[in-house]
Amino acid sequence: MTAAFPSELEALLADDVPFGDLTTAALGIGGAAGRMTFRARGPMVVAEVESAVALLRLAGCESVTAQTRSGASLESGAEILTATGTAEALHRGWKVSQTLIEAWSGVASAARAIVEAARRVAPDIGIACTRKNTPGTKSFAARAVQAGGASMHRLGLSESVLVFPEHRAFLADVPLAELVARLRRAVPEKKLVIEAKSIAAALEAAAAGFDVIQAEKFSPAEVRDLVAALKSAPKRPLVAAAGGITTENAAEYAGTGADVLVTSMPYFGRPRDVAVTIEAV
């Protein structure tokens, strides 16, 4: 797993410690040598280890060693990283790197929980997380989702085609087949996805030639009925169940025959606790 870009990490440090650590400087301990250790306080799927290591190095730590990698499942007490350096450097990078791991390990752990729940029922089903992450955190969110074993549904509006009813509001009564033809001409290498809010709308979109039907807020029974109805389609589109997918219902949706579950839930996962010890050496 890669780390965040240096510019992203520099911005985090600039936000938290723009003019030095006043407390450490005032105590006169900045030049003292120390060692810092991060440990998992409880079970977690850890994320952003590589970013935390890079950030601590930017903060001036002399030696920073990862004891695990993003995506690993850790038990309580497992070491995550160690760092040595001056008290000034350790305190400069401490909280930002700790919070990075805690917050994004919550996302990775929540993503892993959905992946495991769904794949116990359907081993090949895809789990994709939406772009509804906190603005400004996309690169961190994408890495955390991947650490949890899921993928990104859309990274943004620029790289994928997803037709919403809100797009069609500007298209009057243009038939879906004509929309498909227009999109194929404009972006011939892209998969065409459309959101449908009823089985009838989904079947109409499938007949028009869309590659993926995003079944928005369908019940598991409705997704199952849609999958059954599409079996006889000349070219069956993929079915992505979206809206309200959680750890609790992922297995039920996975059992419908859907190809993908689309969810935002991991972004609201509870942060995982990281225990930090700092000692003079």
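The values are calculated or read from the model by the stated rules, or taken from the named source; none is laboratory data. Note that the structure is predicted; figures quoted are calculated from it, not measured. Note: ideal-geometry Cβ built from the backbone for every residue, glycine included; neighbour counts use all protein chains shown. Keep in mind that these areas ignore ligands, DNA and RNA; they rest on the heavy atoms of the full protein, side chains included. Shrake-Rupley method; radii C 1.70, N 1.55, O 1.52, S 1.80 Å.
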Within region 166-181, is even one residue touching a Leu at 6+ places or on another chain (Cβ under 9 Å) and closer than 24 Å to Y267 by Cβ?
-> no
Would you tally the residues in region 182-202 being free of Cβ contacts under 8 Å to residues at least 24 places away in the same chain and hydrophobic (A, V, I, L, M, F, W, C)?
-> 5
Which strands (runs of 3 or more DSSP E) does region 156-269 wholly contain that include 2 or more residues that are closer than 20 Å to N133 by Cβ?
-> 192-196, 212-216, 238-242, 260-263
Candidates A89, A47, A26 - the one that is free of Cβ contacts under 8 Å to residues at least 12 places away in the same chain, small (G, A, S) and either more than 19 Å from Q146 (Cα to Cα) or crowded, with 22+ Cβ neighbours inside 10 Å (or both) = A26
Residue tally, condition under 24 Å from the mean Cα position of the chain (by Cα) and crowded, with 16+ Cβ neighbours inside 10 Å, over region 224-245 = 6
Return yes or no: is E248 open to solvent by 70 Å² or more (accessible area, probe 1.4 Å) and within 19 Å of the chain's Cα centre (by Cα)?
-> yes
What do you reckon, is K191 farther than 30 Å from G106 by Cα and either at pLDDT 95 or above or surrounded by fewer than 21 Cβ atoms within 10 Å (Cβ to Cβ) (or both)?
-> yes
